[in-house]
Amino acid sequence: MKTVQNSPITLNDLKTPKGKFLSGNLNDFKKKNKHRILEDWAKEYGELYTIKLGPIKALVSASTDLNAAILRQRPTKFRRLSKIDEVFVEMGLHTVFNAEGAHWRKQRKPVSEALNVKKVKGYYPIIQSKVQNLITKINSYQNSEESVEILHDFIAFTIDVTTEIAFGYQLNTLENKEDSFQNHLELIFPTINKRITSAFPIWRYFPSKKDKSLKKSLKAIEEIVNGFIKDAKKRLENDESLRANPSNFLEALLIESEKENSVFDEKTLYGNVIAMLIAGEDTTSNTLAWTLFYLAQYPEIVTKIRSEALSVYKNETPESYDQIAELKYTNAVIQEAIRLKPTTPILFFQANEDVVLNNVSIPKNTSIILQNTFATMQEENFSNANEFIPERWLKAECPYLQNHTPKAVKAFGGGPRLCPGMHLSITEMTAAISSICKQFDISLDEDAKNIHENFAFTVHPENLKVKFKKVVS
Ligand code: HEM
């Protein structure tokens, strides 16, 4: 990289991996492991480089400091890539995730409030009952020693938790997959990924079979959610006390929508309720699946989680929210799975104006990709960075590992738009992983080498099949 003393680095000073004549690096960018390709390029070309996506030159940053600064300076200097908004809006999704500026600020407040620590504590009985359903489901497998595609059950589990928290509805997707949201929702993330990386909106002119199915699924989701909205409106009309104490996220937003100058019109109301499902489902279920991927390879870690569970709670699942905080080792296991296999390893942004940040000059409208796994795999940030060592997250056991930089992990983003669902998802995951390990031994039904990362806006494990064996107590 060429640097003139004191003058900022420009995009033209940065290296670009060799690509094709017209499409540039687009082919690599469409691959399932694009996040790892970007990580490898950071090793080869440095923490900052550019890539060519057809006619667009994008900045890729794997720098911990620059990434943190970009995340912090929102919504003023940076925004999500405008194409994300375009794709979301075309799918009828007007949500806090794709809103910007003042519009975003107004939506963010009630969304964050609905997911704060106090609220999550109140939601705990819902989480516990869904974890119990998950354990019952896994029990049914171990009787027949079945090989299980556990990701599907984790998706159903997160949908069941979120629908009850968001709408007050008990869907029990874990038991009734056919008439559930799951089949519809499973189409959304892959489509977002495909459309964001597409140079031309071909689906608008020549919709494929998948595009047509997506349209039907979006319609079906809209009908189900509109039914929920109608019911919530009736509840609010009939029970005045709900206005002071809404019993779920949808009721809280409906009350918010009645205020003067509210941003919650029909579209944003629908969008934000559905955003809870979209944002909370794949991310949490993928992370659970990646955690199991490691646990199936390290039985001694499962045993340690089990001892912790036995010392903290009596039943099959943690009985109270306060017990979750006591499951420190289980939490450390999840943190370590997130470090090595973040479901959100790259994030897409755009500069709102010409900005010089950390001595890098970024022109207005530059597309920026934050690559976050390069930093988490560096020895200077984490000793023995390639190894799965949950103990590094426990203060008492950490000293033998010299390097430990939690701020390098950006799986939940950062700054004012840090994932508002982080606490909810960590609570769900801790309760689920602890309960599973308390009851079952886990093994992989496939060589770990054959389980691949598939980036479809979030990263999920492909081919993950596991077996459960009930522990005799
Ligand atoms: C392991 C689980 C999860 C991961 C890894 C994750 C990751 C992320 C990331 C990377 C962002 C972007 C943050 C940024 O731009 O700085 C985000 C935003 C968001 N997440 Fe999560 N998330 C998870 C679970 C959840 C859950 C359970 C919910 C709610 C039920 C949720 C709701 C949201 C919302 C509403 C946003 C948009 C926030 C905004 O733009 O202001 N997430 N999440």
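Every number in this text was worked out from the coordinates using simple rules, so none of it is lab data. Everything quoted here is computed from the prediction, not taken from an experiment. Ideal geometry is used to build each Cβ from the backbone, glycine not excepted, and the neighbour counts take in all protein chains shown.
Numerical summary
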read-out	value
Total charge dipole magnitude, the chain, about the Cα centre, Cβ charges on Lys, Arg, Asp, Glu only, Debye to nearest 20	1420
Among F200, L254, L236 the positive-end extreme of the charge dipole of the range 150-281 (Cβ point charges)	F200
Residue order, fewest to most surrounding Cβ atoms within 10 angstrom, among V60, V360	V360, V60
For the chain, share of DSSP beta bridges that run antiparallel, in % to the nearest 5	85
Sequence-distant aspartates and glutamates (8 or more away, or on other chains) whose Cα lies within less than 20 Å of K43	D13, D28, D65, E379, E380, E387, E453
Fewest-first ranking of H184, H103, H94, using other Cβ atoms within 10 Å as the exposure measure	H103, H184, H94
Mean shadow area of the range 298-347, taken as a quarter of the surface of its Cα convex hull (nm²)	4.4
Listed residue pairs exceeding 19 Å between alpha carbons, taken from K83/K259; K31/K52; K106/K267	K83/K259
Reciprocal mean inverse distance between Cα atoms of the range 382-454 - Kirkwood radius, Å	15.5
Ascending count of other beta-carbon atoms within 10 Å, so fewest first, for T197, T405	T405, T197
Residues of the range 359-378 with amide N under 20 Å of a point placed 7 Å along Cα→Cβ from S7	359-364
Set of aspartates and glutamates with alpha-carbon distance to K328 below 15 Å, sequence-local pairs under 8 removed	E308, E336, E391, E397, E428
Positive-end residue, the chain charge dipole about Cα centroid, Cβ charges, pick of N6, P75, L295	N6
Loop trypsin sites (Lys or Arg not before Pro), the range 287-339, which have at most 13 other Cβ atoms in a 10 Å radius of their Cβ (DSSP)	K314
Mean separation of Cα contacts under 8 Å (6+ apart) over length of the chain, as relative contact order %	25
